[in-house]
1. So what are the ³J(HN,Hα) numbers for the range 17-33, from phi and the Karplus equation (6.51, -1.76, 1.60; θ = phi - 60°), rounded to whole Hz, Gly and Pro as x?
2. All other residues with a Cβ under 11 Å from the Cβ of Leu10 taken together, and with Lys, Arg as +1 and Asp, Glu as -1, what is their net charge?
3. If one computes P(r) from the Cα atoms of the range 3-66, what percent of pairs lie at distances over 21 Å?
4. Can you work out the Karplus-derived ³J(HN,Hα) for every residue in the range 39-47? Use 6.51 cos²θ - 1.76 cosθ + 1.60 with θ = phi - 60°, whole Hz, and x for glycine or proline.
5. Taking 0.36 nm per residue of separation and subtracting the Cα-Cα distance, what length does fully extending His84 through Ala60 add?
6. Mind sorting Val56, Val6 by how few other Cβ atoms lie within 10 Å of their own Cβ, fewest first?
Amino acid sequence: MVIPHVAYFLAAAAEQNITRAAKLCGVTQPTLSLAIKQLETDLGVKLFERTTRGTVLTPAGRAIRPHFMSVSRSLKKAKLVARHLEAATPSAMCAGAAQILASAGGETAGLF
């Protein structure tokens, strides 16, 4: 599983349209479609039903979506921590990371 594929899945789920999702993600429609197919292969389930009116999540897609949303939130928090720690002194890093995660609504248990 590739991290950008998670973002593509979430965009397609939100837009309910592969072409609009691809535009939103800054990739071509074939690129996004291939990424979704690769996710479906990796997971062993069909994530979307493709119709003439767009795409809708399958029951498996609806079940997986909250987990991918959690992954996306965690990645955003990790980027935030990295940006703040880049300029931090070594002694302030752990305390600063915990404070950043707490202010972002994250849990720090088991991270440090």
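Just so it is clear, none of the values below were taken in a lab; they were calculated from the coordinates. Model, not experiment: these values are computed from the prediction. Cβ atoms come from the backbone with ideal geometry, glycine included; neighbour counts cover every protein chain shown.
1. These are the phi-based 3J(HN,Hα) values: 7, 5, 5, 5, 5, 4, 4, 4, 8, x, 10, 7, 4, x, 5, 5, 4 Hz.
2. Numbers: positive: Arg65, Arg73; negative: Glu15.
Summing Lys/Arg as +1 and Asp/Glu as -1 gives +1.
3. On the way: 191 of 2016 pairs.
It works out to 9 percent of all Cα pairs.
4. With the stated coefficients, the range 39-47 comes to 4, 4, 5, 4, 8, x, 9, 7, 9 Hz.
5. Numbers: separation 24, 0.36 × 24 = 8.64 nm, distance 3.68 nm.
Length gained between His84 and Ala60: 5.0 nm.
6. Values: Val56 13, Val6 19.
If I rank by nearby Cβ atoms, fewest first, I get Val56, Val6.
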